[in-house]
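*Asks:* Below is the structure I would like to discuss, written out as structure tokens.
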Amino acid sequence: MSLDTADARLRILGKIRKAQSRGGRPSQAEREAVETYVRAHPRGTLPEVTGDLVARFRAKAEATQSTTEEVASQAEVPAAVARYCAAYKLATNGCVWPALSSLDWKSAGLPLDARAAHGEDKLGVTGAFAALAETGTLMVVSGPDSPASVSLLPETHVAVVPASRIVAHMEIAWAMARETFGQLPRAVNFISGPSRTADIEQRMVLGAHGPYRVHIIVVRGA
């Protein structure tokens with residue numbers, strides 16, 4: 001999120017709080033009240049998720065029509081993305097999160113720009129804040145180095161997920177986000193496979209509101 005966008009967001013929220021006679025920003029007392037409320041309302045019982053979380057996540061993700069693979073290290077990711085695109089004869093013009101720009105995309109033959117996405121991009125490569133083994137879902141958060149559009153606009157979304165960020169449940173991922181960010185990012189997207197709809201004649205159509213395909217690369221050594 002750019003500084004201009006962040007400032008605009010704060011101004012809008014400030015106006016809402018002012019209309020509620022609550023001042024411009026949350027006070028320390030308000031923050032403490034929220035924390036007290038959260039502590040007093042512990043989460044309910046969660047379904048048991050046992051065994052290898054990576055294997056469970058991959059199986060669940062593939063059940064939602066994503067494709068997955070594993071690599072041993074982050075350095076192997078560009079070659080893995082190139083192999084995937086070549087196997088399915090996919091266009092490779094597009095963008096990558098600035099957070100992943102240090103990887104050697106050029107040597108893999110991928111002309112990816114480190115930026116937010118626009119309408120002409122065919123391929124978008126992102127990371128993920130976390131992944132949920134229970135459902136095979138990606139948790140993607142926005143920020144200056146992780147623009148949300150990269151996972152939403154291109155026809156093909158490739159997500160790079162460290163094995164260490166695969167957790168059992170969504171509730172655990174939210175707890176991680178609160179601990180990491182304090183104040184949640186502007187956008188938190190949960191992605192379970194390609195975009196789809198069955199609104200027209202009850203026939204499933206992929207790519208209706210976003211990517212036609214989602215490929216997930218799990219990095220075991222991260």
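Every number in this text was worked out from the coordinates using simple rules, so none of it is lab data. All of these numbers come straight from a predicted model, not from anything done at the bench. Positions of Cβ are generated from backbone atoms using ideal geometry, with glycine treated the same way; all protein chains shown enter the neighbour counts.
*Asks:* Excluding same-chain pairs closer than 8 in sequence, count the lysine pairs in the chain whose Cα atoms lie under 29 Å apart.
*Replies:* Total qualifying Lys-Lys pairs in the chain comes to 5.
*Asks:* What is the P(r) of the chain, as percent of Cα-Cα pairs per 10 Å bin from 0?
*Replies:* 7, 29, 32, 21, 10, 1
*Asks:* Taking R0 as 30 Å, what FRET efficiency do you get between Lys89 and Thr180 from their Cβ-Cβ distance, rounded to the nearest 0.05?
*Replies:* In this case the efficiency is close to 0.20.
*Asks:* What list of ³J(HN,Hα) values in whole Hz, one per residue of the stretch 87-92 in order, does the Karplus curve 6.51 cos²θ - 1.76 cosθ + 1.60 (θ = phi - 60°) give from phi, with Gly and Pro shown as x?
*Replies:* Rounded to whole hertz, the list is 5, 9, 6, 9, 5, 10.
*Asks:* Now for a separate question. Between Asp52 and His118, 0.36 nm times their residue separation minus their Cα-Cα distance comes to what?
*Replies:* 20.0 nm
*Asks:* How much mean residue ellipticity at 222 nm does the chain get from its helices, if each DSSP H run of length 4 or more adds -39500 (n - 2.57) and you divide by all residues, to the nearest 500 deg cm²/dmol?
*Replies:* My calculation for the chain gives -9000 deg cm²/dmol from helical runs alone.
*Asks:* Then there's this: Percent antiparallel among DSSP beta bridges with both residues in the chain, to the nearest 5?
*Replies:* Bridges in the chain that DSSP calls antiparallel: roughly 30 percent.
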